[in-house]
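The values are calculated or read from the model by the stated rules, or taken from the named source; none is laboratory data. Not measured: the values here are computed from a predicted model. Backbone-built Cβ (ideal geometry, glycine too); neighbour counts: all protein chains shown.
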C-alpha cells in the first residue's frame, strides 16, 4: 500500500509541473483500481477462508493414477533394527517396496519376537507412490511396518508393536477428510480407500488378524 501511495504522489507531483489533468486522473484511477482489487482479495480471504483451506486440503489429497498422495508420519515408538536385519531383507517387489513375504521376513528377523512366537498374517493398509504401511500379526503381537525411503535409511521400518491381549478396540473412520484406523492405543493411522473401500470390512479383517 505504501508503494502505491508513493507512486501516486510522484505521478501527481509530476503532473502538477509538466503534466496534464488527464495524467492526474489516470493516476487516480489506477490507484483506486489497485485499492479495489486489494479490498476484494481481503474480503474473499475473510469470507471464504475456511472453504479455501478445505479445497486446498482436498487438492493435496488428490489421487494420481489411483494412488493417494497423503503421507504417513513416523511413530515416536519406531524400532531401530539391528544392522544385520536389512541384509536379510530380500523380498522386494518390482515397485521397490517390501512384499508381503518381505514384511513377514522383516518381523521374523527383527529380534523382537519371543522364542515361541510365530508370524501369521500381513495386511497392506496404506499405499502411495512413496510409502507402504503394513500390519503384521503373530500369535502374540501386532506390528506396524512403514516402508519408505526414510525408514529404510534409518532402519526404523517397524513403527510399533502392540500386545494382542491389550487391543480392546478397533475402528475405522475419517479424520479431517483422511481415512484412518484406530487400533487400541494406536490411533490415526492412514489407510487407503482404494485398498479398503468398506471401513466395516477393514475392521473385520483387522479383528481376524488378531484372533488366536
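Results for (1) touching a strand residue (DSSP E or B) at 6+ places or on another chain (Cβ under 6 Å); (2) at pLDDT 75 or above; (3) assigned to a strand (DSSP E or B), shown as yes or no for each residue.
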{"position": "81", "(1), (2), (3)": "no, no, no"}
{"position": "95", "(1), (2), (3)": "no, yes, no"}
{"position": "101", "(1), (2), (3)": "no, yes, no"}
{"position": "104", "(1), (2), (3)": "yes, yes, no"}
{"position": "111", "(1), (2), (3)": "no, yes, no"}
{"position": "114", "(1), (2), (3)": "no, yes, no"}
{"position": "117", "(1), (2), (3)": "yes, yes, no"}
{"position": "126", "(1), (2), (3)": "yes, yes, yes"}
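Whether any residue in the stretch 61-68 is touching a strand residue (DSSP E or B) at 6+ places or on another chain (Cβ under 8 Å) and at pLDDT 90 or above is what I want to check.
No; the residues of the stretch 61-68 include none that is touching a strand residue (DSSP E or B) at 6+ places or on another chain (Cβ under 8 Å) and at pLDDT 90 or above.
Show the residue pairs meeting these rules: Cβ distance below 9 Å; 6+ apart or different chains; first residue within the stretch 63-76 and under 13 Å from residue 180 (Cβ atoms) and outside the structural domain of residue 196 (by TED's automatic domain parsing); second residue in a loop (DSSP other than H, G, I, E, B) and modelled with pLDDT under 60.
Listed pairs, sorted by first residue: 68/61; 68/62; 70/61.
Within the stretch 183-212, which residues are in a strand (DSSP E or B) and either within 16 Å of the chain's Cα centre (by Cα) or without any contact (Cβ under 8 Å) to a residue 12 or more places away in the chain (or both)?
Hits for the stretch 183-212 are 187, 188, 189, 190.
Just wondering, is there one or more residues in the stretch 141-154 that are part of a loop (DSSP other than H, G, I, E, B) and in contact with a helix residue (DSSP H, G or I) (Cβ under 8 Å, 6 or more places away or on another chain)?
Taking every residue of the stretch 141-154 in turn, none turns out to be part of a loop (DSSP other than H, G, I, E, B) and in contact with a helix residue (DSSP H, G or I) (Cβ under 8 Å, 6 or more places away or on another chain).
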